[in-house]
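This report concerns only the one structure given below.
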Amino acid sequence: YNPLRAYVHKQGFARFCTAKYSSSPTDLDNVLMHLTNVSVQKHSEDYNEDHGGKWHIKNLRLYLQATYGGELTEKCFQLIRAMIYHSLKAVQSIVINDKHCFELYGYDVLLDANLKPWLIEVNASPSLSATTASDLALKTGVINDVLNIVFPEDFPESNKNNNRSDAAWKTGDFLPVVDELCGFQGWQTRMDWP
C-alpha cells in the first residue's frame, strides 16, 4: 500500500436481475428486481443457468458503445478506474503495509442511466466460486494471474505458466492502475480495459 501498486484485471462481468427495474413503491420488496446476486436470482423462473445473468465486461462495453457511443463509454470506464484508484488512496495510510502480503479486491459498481458509475462496495474477499463455465474460466484466469504477479522472480521455472511470453507471465491480463514506485498513474489514461 505504501508505495501503492494496483492493477485491474481485463476480465470481469456485469450481473443483471431477471426482473426489469422499476422505481415504483409497489416494487420495493421485489428482490429479483433489486439484487443481482446469483443466490437470489437463481430462484426466478426466468433465471438462465447457461449465463447466470452475467455478461462478460467486454460484451457490456460493446453494448454501451452501441447504445451511448464510444466517448461516453470510455469516460464511464475511465471513471471506474479513477474510482478504484481513489478508493485505494483513501485507505492507504490505515492499511497495514507488509511487503509479504497482497490483496485481491472485487469492486461492485452500479451504472446509472447516464453511465455514471457508483461504488456499491469493495469486497476484500470476492467470491471465487463459479456458477457457469465462463465464470470458471474467468476466475481461474484471475487466480493464475494473481499468483504469477506475487511469486518472486526466482520462483522455480517449472511452475511458470508456459503458455505466455516472459513479459506477459508477470502480469497476465492485469493492467496497472497505479504504481507509485515509478510514478505511473494508469487510472488517468486510456487503456485497453476491458
Task: Solvent exposure, largest accessible area first (probe 1.4 Å, DNA, RNA and ligands not counted), of Cys101, Cys17, Cys76 - done: Cys101, Cys17, Cys76
TODO: Take the chain, connect every pair of alpha-carbon atoms lying under 10 Å apart with a spring to form a Gaussian network, then pick out the residue of Val146, Val31, Val177 with the largest mean-square fluctuation.
DONE: Val31
Open item on the list: At 1.4 Å probe size, with the rest of the protein present, what percent of the exposed accessible area of the chain is carbon and sulfur atoms?
Closed with: 54 percent
Task: Solvent accessible area, Å² - Ile149, 1.4 Å probe, full protein context - done: 40 Å²
TODO: Any chance you could check the Cα centroid distance between the stretch 1-48 and the stretch 112-147 for me, in angstrom?
DONE: 11 Å
TODO: Counting helices only, and only those DSSP H runs with n ≥ 4, report the 222 nm mean residue ellipticity of the chain as the sum of -39,500 (n - 2.57) divided by its residues, in deg cm²/dmol to the nearest 500.
DONE: -10500 deg cm²/dmol
- [ ] Putting +1 on Lys and Arg Cβ atoms and -1 on Asp and Glu Cβ atoms, find which of Thr67, Trp55, Leu138 reaches farthest to the positive end of the dipole of the chain.
- [x] Thr67
TODO: Work out the length of the dipole vector of the stretch 27-88 about its Cα centre, built from +1 on the beta-carbon of each Lys and Arg and -1 on the beta-carbon of each Asp and Glu, and round it to the nearest 20 debye.
DONE: 440 debye
Open item on the list: I want to verify the translational diffusion coefficient of the stretch 1-132 in µm²/s; compute it with Stokes-Einstein, Rh as the Kirkwood radius over Cα pairs, at 37 °C and 0.692 mPa s.
Closed with: 194 µm²/s
TODO: For the stretch 1-105, state which GluC sites (Glu not before Pro) are in a DSSP loop and have at most 15 other beta carbons lying within 10 Å of their beta carbon.
DONE: Glu45, Glu49, Glu103
Task: Relative contact order computed over the chain (Cα-Cα under 8 Å; 6+ residues apart), in percent - done: 31 percent
Open item on the list: Mean Kyte-Doolittle hydropathy of 0.0 or higher plus an axial Cα length of 18 Å or more: which whole DSSP H helices in the chain meet both?
Closed with: 70-91, 133-150
TODO: At 1.4 Å probe size, with every protein chain present, just tell me what the per residue accessible area of the chain comes to in Å².
DONE: 63 Å²
Open item on the list: Student exercise: in the chain, how many lysine pairs 8 or more apart or on different chains have Cα atoms under 21 Å apart?
Closed with: 25
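The values are calculated or read from the model by the stated rules, or taken from the named source; none is laboratory data. What you see is a predicted model, and the numbers here were worked out from it, not measured in a lab. Virtual Cβ from ideal backbone geometry, glycine too; neighbours counted across all protein chains shown. Side chains are part of the model used for accessible areas, which takes the heavy atoms of the whole protein and leaves out ligands, DNA and RNA. Shrake-Rupley method; radii C 1.70, N 1.55, O 1.52, S 1.80 Å.
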